[in-house]
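Take a look at the structure below.
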Amino acid sequence: MWVSRVSGMGSYANRTTPVNTNLYNLASVKSIHETNSNTGVGINFNAGAANSAWMTGVQVIGTDMYISNRGNNNGFDSTEVFITKIAISSTGSGNAVAQNAAGLGLNSCDGFGLNDDATKIIFTDFHGNQVRSGTMDVNLAITLNGSALNAGGGARFARWNNDGSKYYFGYGSSGGNSIIKQYTAGTNYIVASSDSAGTSQTLSIGAASDLVFNSDGSKMYIPDALTAEVFEYDLSTPYDISTETLVTTLDIRNFFTNSGSSTNSPWRPAGSSSSTPWISGISWNDDGSKFYVISLWGTTIQSKVSGTLNPSTVTGDGGTRTNTMPIIEFRVQ
């Protein structure tokens with residue numbers, strides 16, 4: 001550390017702290033392993049949602065993790081969409097709140113984004129082909145605002161920029177590509193059908209399932225659900241996806257085991273190494289020292305072979321957890 005001391009002052013001033021260039025750098029992350037298995041990878045949280053639900057989005061704010069769950073184009077979609085809040089240090093299942101999908105005008109929830117204090121939310125309705133916004137109270141209950149924006153292709157995610165003046169959503173298209181769209185909000189943190197469309201980027205990603213930025217918007221990260229890869233881009237203009245340049249790719253496929261495996265690693269949906277885990281959500285923590293990845297599959301014990309898990313609990317940061325939901329935590333080396 002380099003510091004300069006101002007004469008006559010009793011404390012340090014004009015302190016210069018070197019920047020850790022590994023922060024927000026996918027090339028510098030490694031997985032954290034559970035303590036009770038040499039082969040187990042990741043932290044497994046119990047969302048407490050329902051046996052019928054899929055995990056679709058994740059965001060870490062401070063010491064809390066927020067997760068969205070929905071059904072699979074079935075009766076479950078028409079009755080419940082879940083938002084769960086979990087204290088990362090907790091051993092419990094977190095606070096799961098069931099949103100009434102019919103009351104919110106949703107057919108599903110396929111990803112979401114929150115502002116820094118978790119009071120303003122944006123989410124995408126894949127089956128309803130819309131992007132919506134709202135406010136969220138301390139009990140995680142959502143009240144819609146604005147109006148529905150036509151997503152134009154079955155969006156899998158929606159995110160704000162740093163101040164809610166822009167938002168982003170995207171979906172897989174044809175030819176192994178995904179379309180990422182950038183819109184300008186007429187009113188910050190409110191989605192309206194009349195909002196101005198900005199850049200529409202076509203990227204070589206088979207099924208883009210989320211999008212996040214680093215703390216200053218100079219980097220963008222997008223996972224491919226089909227290949228279990230996460231792509232890191234530099235943005236020459238912060239929060240402007242049209243200025244992207246691919247930097248590196250993180251392949252996390254090997255961090256998932258087959259569903260027939262006896263390890264406590266997060267699992268793939270079938271007993272074949274050719275199956276992909278369908279990465280559905282990613283998030284950095286506040287300072288870019290930890291990176292989280294969730295999978296659509298394996299939300300409940302029923303996703304494991306024969307309806308059982310070995311072991312039924314795992315021990316990691318925060319103590320013992322029910323081994324039901326694959327969330328991998330990566331840390332900067």
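Within the stretch 119-155, the set of residues being open to solvent by 10 Å² or more (accessible area, probe 1.4 Å), on the phi > 0 side of the Ramachandran plot and touching a residue at least 40 places away in the same chain (Cβ under 8 Å) comprises G146 only.
Could you check, for the stretch 185-195, whether at least one of its residues is among the aromatic types (F, W, Y), open to solvent by less than 40 Å² (accessible area, probe 1.4 Å) and under 22 Å from I294 (Cβ atoms)? No: the stretch 185-195 contains no residue that is among the aromatic types (F, W, Y), open to solvent by less than 40 Å² (accessible area, probe 1.4 Å) and under 22 Å from I294 (Cβ atoms). Within the span defined as the stretch 301-315, one or more residues are open to solvent by less than 10 Å² (accessible area, probe 1.4 Å), modelled with pLDDT under 50, assigned to a strand (DSSP E or B) and not aromatic (F, W, Y). Only one residue in L144, L149 is of a type in the set (A, V, I, L, M, F, W, C) and either modelled with pLDDT of 95 or more or under 18 Å from the mean Cα position of the chain (by Cα) (or both). Which one? Of L144, L149, the one residue that is of a type in the set (A, V, I, L, M, F, W, C) and either modelled with pLDDT of 95 or more or under 18 Å from the mean Cα position of the chain (by Cα) (or both) is L149. Is it the case, given these coordinates, that Y168 is open to solvent by 20 Å² or more (accessible area, probe 1.4 Å) and among the aromatic types (F, W, Y)? Considered against the rule, which asks whether it is open to solvent by 20 Å² or more (accessible area, probe 1.4 Å) and among the aromatic types (F, W, Y), Y168 comes out as no.
Per-residue answers, yes or no, for (1) surrounded by fewer than 21 Cβ atoms within 10 Å (Cβ to Cβ); (2) modelled with pLDDT of 90 or more:
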site: D224; (1), (2): no, yes
site: T227; (1), (2): yes, no
site: I252; (1), (2): no, no
site: F255; (1), (2): yes, no
site: S262; (1), (2): yes, no
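Residues in the stretch 196-222 that are of a type in the set (V, I, T) and open to solvent by 30 Å² or more (accessible area, probe 1.4 Å): 2 in all.
The values are calculated or read from the model by the stated rules, or taken from the named source; none is laboratory data. Since this is a predicted model, take the numbers as computed values, not measurements. Cβ coordinates were reconstructed from backbone atoms using ideal geometry, including for glycine residues, and neighbour counts include every protein chain displayed. Side chains are part of the model used for accessible areas, which takes the heavy atoms of the whole protein and leaves out ligands, DNA and RNA. Shrake-Rupley method; radii C 1.70, N 1.55, O 1.52, S 1.80 Å.
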